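I have placed the structure first, in the form of structure tokens, so that the comments after it can refer back to it.
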Amino acid sequence: MNQVKKLDIIEEDPWLDPYDQDANERFECYKKAYKEIEGAEGSLLNFAKGHYYYGIHFNKEKNGWTYREWAPDAHNLYLTGDFNEWNRTTHPLDKNNNGDWEIFLPYEKYKDSFVHGSKVKVTIRGVNGLTDRIPAYIRRVIQDTSTHDFSGQLWFPEKPFDWTDSSFDLAENFQQPIIYECHVGMAQEDETVGTYREFADNILPRIKEGGYNAIQTMAIQEHPYYGSFGYHVSNFFCPSSRFGTPEDLKYLVNKAHSMGITVIMDMVHSHAVKNLSEGLNEFDGTSHQYFHPGARGYHEGWDSKLFDYGKWEVKKFLLSNVRYWLEEFHFDGYRFDGVTSMLYFHHGNTPFDHYDKYFKEGVDPDAVTYLQLANEVIHQFKKNTISIAEDVSGMPGLCRRQEEGGVGFDFRLGMGIPDYWIKILKHKQDEEWDINEMWNVLGNRRYKEKTIAYAESHDQALVGDKTIAFWLMDKEMYFHMHVDDHNQVIDRGIALHKMIRLFTISLGGEAYLNFIGNEFGHPEWVDFPREGNNWSHSYARRQWSLADNKELKYQYLANWDKAMINTIKENKVLASGIANQLHMDSSNNVIVFERGNLIFIFNFSPGNSIFGYQFRAPEKGLYKIILNSDKKEFGGFERVEDSINYPTDENKNVSIYLTNRTALVMKKQ
């Protein structure tokens with residue numbers, strides 16, 4: 001009897017050997033689903049073209065518009081809108097041979113009423129009565145400013161957008177992504193909702209100048225409540241109209257590509273808004289069309305609906321959505337939100353303290369298969385696209401290819417890293433920081449699975465928590481950030497802010513992420529307009545003037561971020577494999593390691609500055625300091641001489657003046 005070859009993730013990790021059968025069964029489920037799709041529609045990419053069939057499309061052969069909708073348990077559907085003065089019964093849809101609902105509108109009859117910019121809905125009669133809904137595959141949704149009601153909007157621009165990004169090559173950025181996480185609406189300094197074009201013209205140049213080669217855009221898919229930060233999606237094929245038109249979003253992506261910047265979208269397929277007026281909930285009158293019925297279809301923590309990933313039509317809807325944003329808006333990949341919630345029936349509400357929890361009871365096999373298929377769509381559609389998993393569970397194989405036993409993501413977010421920084425800032429004195437623990441936390445990641453390291457993201461900046469800058473400096477930031485104001489709290493905060501970021505980017509992963517404004521220590525949390533703050537935009541903006549003001553110390557953190565990123569990029573540190581520990585000194589809280597042919601030196605001690613501090617270099621020779629956190633331009637005190645070369649002695653030891661709360665990077669000359 002031939003023994004089935006072990007999948008790579010099992011072969012390479014003896015701890016996973018007991019789960020050989022489970023991993024194979026997972027892979028077989030994926031292959032079966034893939035084969036069924038190919039058999040039915042020829043290819044996976046063809047299957048992911050639901051947006052070509054459903055929704056509203058102009059049929060050139062028949063010279064008119066066809067609207068189709070999947071609503072299996074509905075009794076009747078009627079198209080209504082401006083074109084028929086919102087009559088709810090004059091334009092019924094019929095069930096076609098596929099079991100879908102369909103209506104055809106001849107061009108000659110409707111050319112003057114069914115027009116660009118006019119509003120539409122679909123009236124559905126089901127077991128829950130007669131309801132007015134927004135078509136599921138609609139491409140644009142707008143909100144009435146007086147009634148706050150959302151409607152679908154016909155979007156037939158006279159001319160297609162003129163893309164000029166055909167020469168943009170994703171390959172180089174894929175090797176070491178340095179990602180700027182951002183939100184278009186809160187990106188301007190004015191207390192208003194920013195637009196796609198304002199972001200493209202005002203913010204992209206800042207991002208480019210800072211050295212970032214990718215942006216991760218939040219809240220792009222339409223969501224009725226601005227304060228949800230884009231996580232309660234209602235209309236999955238609609239770019240949020242509060243930031244501008246679809247062409248405005250294309251302008252943003254096209255401009256980013258012209259600057260060599262990869263554009264990643266935050267993709268929310270982990271749940272959907274429960275609203276009946278805007279979203280998919282009870283669309284055909286039942287609770288089980290797009291979502292699981294009953295308790296399984298409701299996320300108590302998020303107050304939202306959960307997709308049935310095993311249903312054919314739901315997979316078609318979601319996989320088409322994956323293809324759509326890559327195709328229509330030229331996005332270069334996704335950061336999938338809430339992957340932990342998707343993968344497990346318990347949505348991650350359990351300690352992941354045993355490998356059983358990754359392979360046995362508790363794992364949703366339909367969700368695993370869906371994510372495997374989604375990643376295959378992404379990578380088949382465009383080469384060097386990036387798929388990122390927001391997962392806190394650490395499921396083995398999440399970032400390995402499907403044929404290796406994986407789920408197919410390229411990177412996972414290192415979610416334990418920011419949690420760790422916040423934990424020690426909240427609960428430990430500086431003298432209590434454990435450098436061995438710090439080394440282990442930052443270096444702990446699965447073999448061959450790439451991690452995006454970050455010190456803080458939007459999660460840490462949202463109201464209810466504090467940014468690292470605020471944890472370090474708190475209210476002192478409001479009073480002592482002038483360059484001539486000497487303050488020990490601010491000095492400590494600036495020093496540690498720089499060190500934490502360099503430690504994270506140099507040790508924590510194969511990619512790096514920063515949330516908008518945190519590169520210069522933005523002083524306040526993020527709080528979107530809501531009833532509790534009197535609908536204020538004061539905390540849903542970015543105060544760029546703080547970093548630009550040469551009289552304030554924010555410039556030091558901004559200068560450091562730019563120099564740090566350029567050092568990492570130029571030396572290809574993130575693409576150079578894991579770090580090699582050179583020296584650990586617990587008594588002085590000193591860590592020295594080598595990565596990317598650079599030596600990284602950190603002295604986390606609050607007070608120990610040591611003359612003639614020695615550590616062993618990887619090779620004999622002359623070493624030069626190429627990055628020094630103690631320089632004045634970075635808010636330091638110019639205590640370290642970095643204009644000279646540092647030679648090794650006969651034992652390969654380098655001797656330097658190592659000042660407290662200082663980070664240095666050296667390179668062999």
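The table that follows gives values for the structure above.
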{"quantity": "Pairwise FRET efficiency - D169 versus N580, Cβ, R0 = 35 Å, nearest 0.05", "calculated": "0.65"}
{"quantity": "For region 478-550: rounded, prolate or oblate by the Cα gyration tensor [a/c cutoff 1.5]", "calculated": "oblate"}
{"quantity": "P(r) weight above 49 Å for the chain, C-alpha pairs, percent", "calculated": "18"}
{"quantity": "Nearest-0.05 FRET efficiency for D356 and H486, computed from C-beta distance (R0 56 Å)", "calculated": "0.50"}
{"quantity": "Residue-level accessible surface for T504, protein heavy atoms, 1.4 Å, Å²", "calculated": "0"}
{"quantity": "Debye, to nearest 20: dipole size of the chain, +1 on Lys, Arg Cβ, -1 on Asp, Glu Cβ", "calculated": "880"}
{"quantity": "Nearest-ten-degree value, helix 20-41 long axis tilted from longest Cα axis of the chain", "calculated": "40"}
{"quantity": "Selection of GluC sites (Glu not before Pro), region 512-576, meeting DSSP coil and at most 13 other Cβ within 10 Å", "calculated": "E551"}
{"quantity": "Heavy-atom accessible area per residue - region 313-364, 1.4 Å, Å²", "calculated": "31"}
{"quantity": "Cross-link table K255/K569; K95/K274; K311/K360, entries beyond 24 Å C-alpha to C-alpha", "calculated": "K95/K274"}
{"quantity": "Over the chain: helical MRE at 222 nm, DSSP H runs n ≥ 4 each giving -39500 (n - 2.57), nearest 500", "calculated": "-7500 deg cm²/dmol"}
{"quantity": "Tilt relative to the chain, helix 246-258 - C-alpha long axis, 0 to 90 degrees, to 10", "calculated": "30"}
{"quantity": "Above-threshold pairs, the threshold being 19 Å between Cα atoms, out of K550/K632; K208/K632; K49/K316; K6/K31; K49/K382", "calculated": "K208/K632"}
{"quantity": "Accessible area expressed per residue, region 469-623, with surrounding protein chains retained (probe 1.4 Å, Å²)", "calculated": "37"}
{"quantity": "Phi to ³J(HN,Hα) by Karplus 6.51 cos²θ - 1.76 cosθ + 1.60 over region 51-62, Hz, x for Gly, Pro", "calculated": "6, 7, 9, 7, x, 9, 9, 8, 9, 5, 5, 8"}
{"quantity": "Rounded tilt (10° steps) of 312-328 against the dominant C-alpha axis of the chain", "calculated": "60"}
{"quantity": "Length gained when the stretch D82-F479 is fully extended (0.36 nm per residue, less Cα-Cα span)", "calculated": "137.4 nm"}
{"quantity": "Geometric extent, Cα atoms of region 196-271 - Rg, Dmax (angstrom)", "calculated": "12.7, 36"}
{"quantity": "Antiparallel %, DSSP beta bridges [both residues in the chain], to 5", "calculated": "70"}
{"quantity": "Heavy-atom accessible area per residue - region 76-197, 1.4 Å, Å²", "calculated": "49"}
{"quantity": "Size-normalised alpha-carbon gyration radius of region 366-433, reference 2.2 N^0.38 Å", "calculated": "1.50"}
{"quantity": "E189-F637 pseudo-label distance in nm [points 7 Å out on the Cα-to-Cβ vector]", "calculated": "3.2"}
{"quantity": "Theoretical gain in end-to-end length, N96 to S587 [0.36 nm per residue, Cα-Cα removed]", "calculated": "169.1 nm"}
{"quantity": "Of all accessible heavy-atom area on region 430-541, the percent that carbon and sulfur account for (1.4 Å)", "calculated": "47"}
{"quantity": "Antiparallel content of DSSP bridges confined to region 213-334, in %, to 5", "calculated": "55"}
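The values are calculated or read from the model by the stated rules, or taken from the named source; none is laboratory data. All values derive from a computational prediction rather than experimental measurement. Please note: Cβ atoms are built from the backbone with ideal geometry, for glycine as well, and neighbour counts cover all protein chains shown. Ligands, DNA and RNA are excluded from the accessible area calculation, which covers all protein heavy atoms including side chains. Shrake-Rupley method; radii C 1.70, N 1.55, O 1.52, S 1.80 Å.
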